[in-house]
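Worksheet for the structure shown next.
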Amino acid sequence: MDQLTDLEIRLLFHHVPFFSATFFQEDANVFKEHDEIRHTHVHAVIYLKINGPSPMSKVAQLLGLEKGSFTPIANQLISWGYIEREIDPTDKRKSMLKLTESGCDFAIRVRAARSQMFSAQIDKLSTTERKQFFAAMQKMQDLLATINGNALNHPYANKAYHKHHDHNHNHNHNHKHDSNLAHNPNHICTDNKGVSPHE
């Protein structure tokens, strides 16, 4: 296998911070409720919002943490009233994490803030550039899944997500549906089980 070139190494080093700076300059209003809140707290809530009640190990895996390292994060979210533990119906010895009503409300606010930022940035692209951008994003996700060998474990790597995403991308290029879903609690988390807006 050939060694990586200097350009390839630079691209790997700069891609994540550049992407984060472009799309994840968080709205301060989302984080003002708790001084201690961090990205890991937000990502855990969003994961449960999308996937519903999940074992702590699954959430920790998504965040790239060991279960022991994730435990304080889960405990903090529980103390804030965003999530709660429940017995796994398939194995009484295990517990699951699930969103509370407050957790669902927080997830909706995060989605609304991020949707506004995403739209503002993507609107700077032409229609052709937009298609190229999302095609590249899809390809990147597929390649990362190949590298990690965990495509089936990715929260978005399922046919229902891709079918819904492709339908909305083709029929609503301004993505106004994102903000509409974010502000419609009757559509999101109606059963308090973290139902995904992509289902």
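Since every read-out is calculated from the coordinates, none of them should be taken as a lab result. Everything numeric in this text was worked out from a predicted model, so none of it was measured. All Cβ positions, even for glycine, are placed from backbone atoms using ideal geometry, and neighbour counts span all protein chains on display.
ILE73 - would you say it is part of a loop (DSSP other than H, G, I, E, B), surrounded by 19 or more Cβ atoms within 10 Å (Cβ to Cβ) and under 19 Å from the mean Cα position of the chain (by Cα)? Please lay out each step first, then the result.
Values: part of a loop (DSSP other than H, G, I, E, B): no; surrounded by 19 or more Cβ atoms within 10 Å (Cβ to Cβ): yes; under 19 Å from the mean Cα position of the chain (by Cα): yes.
Spelling it out, it is not the case that ILE73 is part of a loop (DSSP other than H, G, I, E, B), surrounded by 19 or more Cβ atoms within 10 Å (Cβ to Cβ) and under 19 Å from the mean Cα position of the chain (by Cα).
Filter the range 2-23 down to residues that are surrounded by fewer than 10 Cβ atoms within 10 Å (Cβ to Cβ) and β-branched (Val, Ile, Thr) and give me whichever is nearest to the chain's Cα centre (by Cα).
Checked the range 2-23; the qualifying residue nearest to the chain's Cα centre (by Cα) is VAL16.
Which condition from (1) surrounded by fewer than 12 Cβ atoms within 10 Å (Cβ to Cβ); (2) free of Cβ contacts under 8 Å to residues at least 12 places away in the same chain; (3) more than 18 Å from PHE23 (Cβ to Cβ); (4) not basic (Lys, Arg) is the one that THR127 breaks?
(2)
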